[in-house]
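Chemist: Just passing along the structure, written as structure tokens.
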Amino acid sequence: MNWLDSHCHINDEAFREDLDAVLERMAENDVRKAMIISSYIDDYRFALKISHPEISFKHSLGIYPGDVDTVDEELFHSYESLYKEKECTAIGEIGLDYHWNKENKERQKEIFQRQLVLAQQLHKPVIVHSRDAIQDTYDLMKKYPVQGVMHCYSDSAEMAREFIKLGYYISISGTVTWKNARESLEVIRNVPLDRLLIETDCPYLTPVPKRGSRNEPAYVVYTGKKIAEELGLDEEVFKIQLNENYHRLFGL
Ligand SMILES: [Zn+2]
């Protein structure tokens, strides 16, 4: 069975120079599936053109919480019409981020809520970003139930259990390989195996031993191996489980 990356930004500028080599390294490292996340319509159109004979890509588009102040109704409707397309498997990353901006909380909540409602109407899963906003994120997700994943989960194990109860998946990034990963390690021990996913969120959050360089999907293997080791799982068994989870959430 192969590895997968449930959240990557290989459509980012950071990969424009050497995308072919990045895809080649994915295939060499047996990373055969990836969800490409687009926050902008141009990036989404670019992402749709990315292909490799040995890798299966899926696509997600969403209005990022950091961008809500620049989104007017016309732009919102442009996103909305793309969500309806078959190629758009998931809506995200959407959510709340009070780390960089606490001044526009209400606007962030409004845009998040409207995208959750669209996900309900379109029967598509969501990919949720939450930073320093976990309670407000939870409250909206509880109010507007949909399928989805908490991407790059970095809150408590206790809160993770609450998201599991709502039916969400928990996706773990390369930070689980970092020295101060105590909380992430507690999270993985508390998440049922059939709700766990792994991701790079590349070009950010590079796992050890590549930390300090640009992250890329091939490095998801370090994160996967670390989690398998921590959970005392056979790697092959873990990969099979990850693939099942990915398909259950995002479709075949
Ligand atoms: Zn991301």
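Rule-based calculations on the coordinates, nothing more; no lab input. Note that the coordinates shown come from a computational prediction; the quantities given were computed from them, not determined experimentally. Note that each Cβ is placed from the backbone with ideal geometry, even for glycine, and that neighbours are counted across all protein chains shown.
Chemist: Restricting things to alpha carbons, tell me how big the stretch 182-252 is in terms of Rg and Dmax, in Å.
Modeler: Just the Cα atoms of the stretch 182-252 yield Rg and Dmax of 12.5, 35 Å.
Chemist: Charges at C-beta only: +1 for Lys and Arg, -1 for Asp and Glu. How large is the resulting dipole of the chain about its Cα centre, in Debye rounded to 20?
Modeler: Details: 31 positive and 43 negative charges, 127 e Å.
The dipole of the chain has a size of about 600 debye.
Chemist: Starting from the stretch 1-88, pick out the trypsin sites (Lys or Arg not before Pro) whose DSSP state is loop and whose Cβ has at most 12 other Cβ atoms within 10 Å. Write down the numbers at each step before the final one.
Modeler: Values: sites: R16, R25, R32, K33, R45, K49, K58, K84, K86; in loops: R16, K49, K84, K86.
Counting only loop positions with at most 12 other Cβ atoms within 10 Å, the trypsin sites (Lys or Arg not before Pro) in the stretch 1-88 are R16, K49, K84, K86.
Chemist: Right, next: State which entries of K33/K102; K49/K142; K33/K84 exceed 29 angstrom in Cα-Cα distance in the structure shown.
Modeler: Details: K33/K102 36 Å; K49/K142 35 Å; K33/K84 22 Å.
With Cα atoms farther than 29 Å apart: K33/K102; K49/K142.
Chemist: Where does each of M1, M159, M141 land when they are ranked from fewest to most other beta-carbon atoms within 10 angstrom? It would help to have the intermediate numbers written out before the result.
Modeler: On the way: M1 15, M159 18, M141 24.
Least to most surrounded, the residues fall as M1, M159, M141.
Chemist: Quick one: length gained pulling K225 to Y204 fully straight, 0.36 nm per residue minus the C-alpha distance? If you can, show how the numbers build up before the last one.
Modeler: Values: separation 21, 0.36 × 21 = 7.56 nm, distance 1.88 nm.
Additional length available on full extension: 5.7 nm.
Chemist: Quick one: Cα centre-to-centre distance for the stretch 45-67 and the stretch 17-42, in angstrom?
Modeler: 9
Chemist: Taking Cα pairs under 8 Å and at least six residues apart, what relative contact order does the chain come out at, in percent?
Modeler: With pairs under 8 Å counted, the relative contact order is 20 percent.
Chemist: With a Förster radius of 35 Å, plug the Cβ-Cβ distance of H99 and L193 into 1/(1 + (r/R0)^6) and report the FRET value to the nearest 0.05.
Modeler: Numbers: r = 30 Å, r/R0 = 0.86.
The formula returns an efficiency of 0.70 here.
Chemist: I've got another one for you. Which whole-number percentage describes the relative contact order of the stretch 154-252, with Cα contacts under 8 Å and a sequence gap of 6 or more? List each step's numbers first, then the result.
Modeler: Details: 136 pairs, mean separation 26.1, N = 99.
This gives 26 percent for the stretch 154-252.
Chemist: Below 13 angstrom from the Cβ of R214, what's the summed charge of the other residues (Lys, Arg +1; Asp, Glu -1)? Let's see the in-between values first.
Modeler: Details: positive: R16, R25, K210, R211; negative: D12, E13, E17, D18, D201, E216.
Net charge around R214: -2.
Chemist: Among V71, F238, Y40, which residue has its Cα positioned farthest towards the positive end of the charge dipole of the chain, with +1 placed on the Cβ of Lys and Arg, -1 on the Cβ of Asp and Glu, and the dipole taken about the Cα centre?
Modeler: Checked the options; the winner is F238.
Chemist: State the extension gain, in nm to one decimal, for the chain segment bounded by K49 and S81, taking 0.36 nm per residue of separation less the distance between their alpha-carbons. Please report the intermediate quantities before stating the final value.
Modeler: Working: separation 32, 0.36 × 32 = 11.52 nm, distance 1.89 nm.
The K49-S81 span can extend by a further 9.6 nm.
Chemist: Taking the Cβ-Cβ separation of D67 and E236 as r and a Förster radius of 35 Å, what is the calculated FRET efficiency to the nearest 0.05?
Modeler: Taking R0 as 35 Å, the efficiency between D67 and E236 is 0.30.
Chemist: Okay, moving on. Count neighbours as other Cβ atoms within 10 Å of each site's Cβ, and list the GluC sites (Glu not before Pro) in the stretch 78-118 that are DSSP loop with at most 14 such neighbours. Write down the numbers at each step before the final one.
Modeler: Values: sites: E80, E85, E87, E93, E103, E106, E110; in loops: E85, E87, E103.
Sites meeting the loop and neighbour criteria: E85, E87, E103.
Chemist: Tell me which of H9, V31, I50 sits at the most positive position along the dipole axis of the chain, charges placed on C-beta atoms (Lys, Arg +1; Asp, Glu -1).
Modeler: V31
Chemist: Mean-square fluctuation check for the chain, GNM, Cα pairs under 10 Å: which of V221, V187, V71 is largest?
Modeler: V71
Chemist: Rounded to the nearest 20 debye, what is the charge dipole size of the stretch 155-220 about its Cα centre when +1 sits on each Lys and Arg Cβ and -1 on each Asp and Glu Cβ?
Modeler: So the magnitude is around 240 debye.
Chemist: Sticking with this structure for a sec: What Kirkwood radius, in Å to one decimal, follows from the Cα pairs of the chain?
Modeler: 18.1
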